[in-house]
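J.: Quick one: structure below, then a few questions.
Each value in this text was obtained by applying a stated rule to the coordinates, not by laboratory testing. Since the model is a prediction, treat every value here as computed from it, not as a measurement.
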Amino acid sequence: MRGGRAIERLFAMDDAAWARHASPWSVWTRVPILPAMALAVYSRVWIGAWALLPVGLLVVWTFLNPRAFPPPARLDSWASRGVMGERVWLARAAVPIPPHHRRVPLLLSAGSLLGVAILAYGLVVLDVWAALAGTILAAGAKLWFVDRMAWLYDETRATPPTNGSAGDRSGGCGRDG
């Protein structure tokens, strides 16, 4: 829980940023960031210090991405529901969530973290297979996590919002479809 909140603060995710991040364009243009970052870091083998250029651009894009697209008119796409479910998940200390949604997201987050560790190892020792396996594990676990968040949002969006907090399931970004 603290890790998710720390990332939210790091990316300065206020209500407006969350609303814009709920755009399917935002979600789907984030999916290739991890493989692109892995390739950019690995490219130091071919282009040396110039690898810092694509790495830097990807870091900037990672920060700008949740703000780069307008809020969606509807929240009925899988990607939008996944983002809104993540807001529900992050507010779980204040807003109860169904019991069957308490453990799997934590396991998926751990799987993603494990994938990042394997990826980092592969990038440090230049083991392309470890880097590829880590990327697949991290990205696959994250996409599965988003799927769980879409399910969580579907099950909890009928719950009345609480004092406009992150648990506000309306999302504040358009009509809820």
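J.: So how much slack lies between S43 and W28, counting 0.36 nm per residue of separation and subtracting their Cα-Cα distance, in nm? Provide the component values of the computation, followed by the final result.
T.: On the way: separation 15, 0.36 × 15 = 5.40 nm, distance 2.37 nm.
Extra length available between S43 and W28 comes to 3.0 nm.
J.: Just the C-alpha atoms of region 2-156: what Rg/Rh do they give, with Rh taken as the Kirkwood radius?
T.: We get a ratio of 1.00 for region 2-156.
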